[in-house]
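First, the structure itself, so that you have it in front of you.
The values are calculated or read from the model by the stated rules, or taken from the named source; none is laboratory data. Since this is a predicted model, take the numbers as computed values, not measurements. Backbone-built Cβ (ideal geometry, glycine too); neighbour counts: all protein chains shown. For the accessible areas, the whole protein counts, side chains as well, though only heavy atoms, and no ligand, DNA or RNA atoms are used. Shrake-Rupley method; radii C 1.70, N 1.55, O 1.52, S 1.80 Å.
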Amino acid sequence: MTKPSVRIREWKAGWRDTIILLKEFQSPLLLFYSGCGWRRLIYSTIAKAVGHPIHNLMEAFYIVLTAAFLQPVGEFPKYFGLQLFYFVMPLVGIVILAQGLADFGSLLFNRRARSKEWEMAVASTMNKHIVLIGLGHLGYRVTQKLYEMGENIAVVELNPGTHTTAAARDMGMPVIQGDARHASALEAANIKDARTIILASQNDAMNLQIALKARSLNPDIQVVIRIFDEDFAHSLQEQFGFIALSATEMAAPVFAAAAAGADVTNPISIEGQQLSLARLSIHPSSSLANRTVGYVEDNYHLNIILLRHDHQSEMHPTDTSPLHAGDTLAVLGGPEQLSRLMQDNQ
């Protein structure tokens, strides 16, 4: 995300935050003007009783209002009852407005002191953004990658205050403290305008609860959910259309690949199927040596994307291309298929 875009978003957030503050400040203003209203009636009644010229109630209101701000209005009245208004009204104005104005100014120019309100104002400026739940180790790594991709992210964290929270805010992300199981926390992250929600906590049941709550608030939102139970992850994909990623399922191919001497990327989910790209070299005693590309693809149910033989690379090799010891393959397939291929290559 570029710095200009962050500044524009903060400017929009500042404008919305100011409007919110003005709405919060309307109570002291209403109290002040209502007080001026009934004092206008008293002033008008006394003025008529003593014969002081007052043409209408609006004139009486104007006199009371200007007196509250120590502004002179015509000649000073001769009658004691009216004179009191010129000394009492400024005190009333100071008592009612001074504290409200002081609080308003402090909150307006020190928005960071109102952390949650400011973060909500920033999130309210976002559209088609990503809401991330849980700023643990996985959540923080995800925010880093999304930030590098230029995505707008709003974070909801139950217990902020860690170094990951500070780092996320340094990247211009609003981090809202709240329990995402409650609709108010999701609404604070502007869930209705978000395109995706990522649930990265370590609690499967809580992740599912939040995912369903998010769908109820935004039926079109894409859900990416971290689930430790592999079977449960597949069930969520089938029943709800969630992109459910099993942490154990994603990690297993990487560990197996390291043990087998191959490199395997973390899986991606395509229509509910986990696929990884693996690179392996054919061992001299491997049963794959002297086979063909077509044989491997048909028997292991995967795709060979690249074949490198004798320092020559062939993208999408033909089925009849032979395999030799020492050749390097780039293979796309599921965790089970890749694992079986690696075992037979030992």
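Would you mind checking region 130-155 for residues with the amide N under 20 Å from a putative spin-label position 7 Å along Cα→C-beta of residue 202?
Only 132-144 fall inside the zone, counting backbone N under 20 Å.
Excluding residue 317 itself, what net charge comes from residues whose Cβ is under 13 Å from its Cβ, given Lys and Arg +1 and Asp and Glu -1?
So the surrounding residues net to -2.
Below 8 Å between Cα atoms, with a sequence gap of 6+, how large is the relative contact order for region 118-186 in percent?
Relative contact order here is 33 percent.
Find the accessible area per residue for region 108-226; the probe is 1.4 Å, ligands and nucleic acids are left out, and the unit is Å².
On a per-residue basis, 46 Å².
Let me ask you something else. Please give the contour-minus-distance gain from residue 222 to residue 162: 0.36 nm per residue of separation, less the Cα-Cα distance, rounded to one decimal in nm.
18.8 nm
Give the cross-link partners of residue 128 among the aspartates and glutamates, using a straight C-alpha distance below 12 Å as the criterion and excluding same-chain residues fewer than 8 apart.
Output for residue 128: 151, 193, 220.
Excluding residues fewer than 8 places away in the same chain, name every one of the aspartates and glutamates whose C-alpha is closer than 20 Å to that of residue 48.
Qualifying aspartates and glutamates at Cα under 20 Å: 59, 75.
For the pair residue 314 and residue 297, how long in nm is the line joining their label points, each one 7 Å along Cα→Cβ?
Going by the 7 Å Cα→Cβ label model, 1.2 nm.
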